[in-house]
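Here the structure is laid out as structure tokens; the discussion comes afterwards.
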Amino acid sequence: MTPVSAMHPVQPHAAPPSRHRTAARAAYVLAGNDRGRLTVAAPQLYPHMWSWDAAFIAIGLARLSTARALTELETLLAAQWRTGMVPHIVFTEGEVGYEPGPQRWACRDITADAPDGPATSGLIQPPVHGVAVRRILDAARTASAAERRDVAERIRALWPALLAWHRYLATRRDPAGRGLLTIYHGWESGLDNSPRWDAAYAAVTPDPEFVPFRRADLHALGALGGAASQRPSDAEYAKYQWLVEELRRAGYDDARAHRTLSFRMADVLTSALFVAANEELATVADELGLPGVDELIGYADRFRRGVVETADERGFAADVDLRTGDTVRTQTIAGFAPLLSGGLDPARQRLLLATLTSADWCGHPGFVHAVPPSTSPSSPDFDPVRYWRGPQWPPMTWLMIWGLERSGEQETALALREAALDQLSDGLFAEYYQPFTGEPLGARPQSWTAAVALDLLAD
């Protein structure tokens, strides 16, 4: 296996010197966060492997070494549960400060479905891994014949795990077949404290005798020069922690979770990403002669219909509270899910694109960089510094660019790409950014931010 420190970043053709420096700095960040077979998300705040971070990191690593990129996915999938679930955290040995840690999850003590290998959490994150596999395969096209063979062989070896992951999602997380994935916790969406979940969290009432565990995030963020104003509140964290306890009491069993948990949401953005991942894996399977093409296309079709059925007259999508049956419409980046799944009629596609570039979103005249905020500044829930309630997240910008390119919206994609590269030219690779000042916030440097910078610079 090639260490990241020995790799050389693929440089963009005829890029200005500043962008060469940004690419070199991004490669340096990934080297510093490399632990051999996995890349930690951010050493101080997130000293473990996160599932969808790993997918984005693999996308960036593919620009340096397809072999190392595949190692990232192999490490993650080695922690797959017997149900096919890919856990949202794979814990690294020797890192004991993060909470909730492996002792709190206690997955192996509670269920035989947990893996025998590294300790994991009992939740999921959005399934971007199929996108990463396709990007790695594409990156190998200009490599040597030996490297191309190695990539194909390693993808074939991963294939049963990838199919099992998608089957788990399509069956256990959508038992009613409505084409929307169920999440049990805001953490599973990746957009932890988004306004999307406010109404659902309002109905979560921790047991009076439940004792919340120590928050490690505020201590770590303080060491980075951050502040509590950037993170969810203690009251919110108590509910997050209580939902982990509820899942433990359900034995990490999906059937029991669907019946008993206080938080059960149909997540439209995760569902749209599942559509895209199924389509990408189907193309990989077709190219490499692997099984499951029709199955994957069937999943993509089903979940595309589910996403589009939530869209309003502008094409803006919504989540569904499965406990109440209510459609939950919020002014968050998740509303642009159809740009990732496809399926809108041309009129609504045009309206949704116009919304994305409007003053309510990327086109706000006060923004330093014209990239999408996590929550619209026109929303009463907007907070420019608090995590998923307003700041701009580079991996989300990457997803929007990628989705627009896939659907042929090249002009809008190019404008977003240039704005994103300007934002990332600070070389800090922050977790997220304040839209009106451009201030880097959260953990920094963050691995997935460096990874998406590498990918954007290489195209």
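The values are calculated or read from the model by the stated rules, or taken from the named source; none is laboratory data. These figures come from a predicted structure and were not determined experimentally. Note: ideal-geometry Cβ built from the backbone for every residue, glycine included; neighbour counts use all protein chains shown.
What the table shows:
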| read-out | value |
| --- | --- |
| Residue within segment 279-287 that is crowded, with 19+ Cβ neighbours inside 10 Å and touching an Asp or Glu at 6+ places or on another chain (Cβ under 7 Å) present | no |
| Leading residue by the ranking (surrounded by the most Cβ atoms within 10 Å (Cβ to Cβ)) among those in segment 84-115 that are closer than 30 Å to residue 458 by Cβ and among the aliphatic types (A, V, I, L, M) | 86 |
| Residue 181 being in contact with a Lys or Arg (Cβ under 9 Å, 6 or more places away or on another chain) and of a type in the set (A, V, I, L, M) | yes |
| Test: residue in segment 151-168 that is buried (at least 24 other Cβ atoms within 10 Å of the Cβ), over 30 Å from residue 294 (Cβ atoms) and either touching a Gly at 6+ places or on another chain (Cβ under 7 Å) or at pLDDT 95 or above (or both) | no |
| Test: residue in segment 168-185 that is part of a loop (DSSP other than H, G, I, E, B), of a type in the set (A, V, I, L, M, F, W, C) and closer than 25 Å to residue 48 by Cα | no |
| Hits in segment 40-83 - residues which are β-branched (Val, Ile, Thr), under 27 Å from residue 269 (Cβ atoms) and crowded, with 24+ Cβ neighbours inside 10 Å | 57, 59 |
| Single residue of 218, 243, 247 found to be of a type outside the set (S, T, N, Q), at pLDDT below 95 and part of a helix (DSSP H, G or I) | 218 |
| Failed item in (1) under 21 Å from the mean Cα position of the chain (by Cα); (2) outside any helix (DSSP H, G or I); (3) surrounded by fewer than 22 Cβ atoms within 10 Å (Cβ to Cβ), with residue 193 passing the rest | (3) |
| Selection from segment 80-98 of residues that are in a loop (DSSP other than H, G, I, E, B), within 12 Å of residue 38 (Cα to Cα) and in contact with a Pro (Cβ under 6 Å, 6 or more places away or on another chain) | 91 |
| Residue tally, condition assigned to a loop (DSSP other than H, G, I, E, B) and of a type in the set (D, E, K, R), over segment 107-162 | 2 |
| Criterion violated by residue 104 - all others in (1) part of a loop (DSSP other than H, G, I, E, B); (2) under 17 Å from residue 250 (Cα atoms); (3) in contact (Cβ under 8 Å) with a residue 60 or more places away in the chain satisfied | (1) |
| Qualifying positions in segment 429-439 - under 20 Å from the mean Cα position of the chain (by Cα) and surrounded by fewer than 22 Cβ atoms within 10 Å (Cβ to Cβ) | 434 |
| Subset tally (residues that are crowded, with 21+ Cβ neighbours inside 10 Å and farther than 17 Å from residue 357 by Cα) for segment 396-420 | 0 |
| Spans of helices (runs of 4 or more DSSP H) in segment 290-375 with at least 1 residues in contact (Cβ under 8 Å) with a residue 60 or more places away in the chain, of a type outside the set (Ser, Thr, Tyr) and surrounded by fewer than 21 Cβ atoms within 10 Å (Cβ to Cβ) | 293-309 |
| Residue that is crowded, with 22+ Cβ neighbours inside 10 Å and at pLDDT 90 or above, where the choices are 261, 181 | 181 |
| Failed item, numbered, when residue 414 is tested on (1) of a type outside the set (Ser, Thr, Tyr); (2) under 20 Å from the mean Cα position of the chain (by Cα); (3) farther than 30 Å from residue 233 by Cβ | (2) |
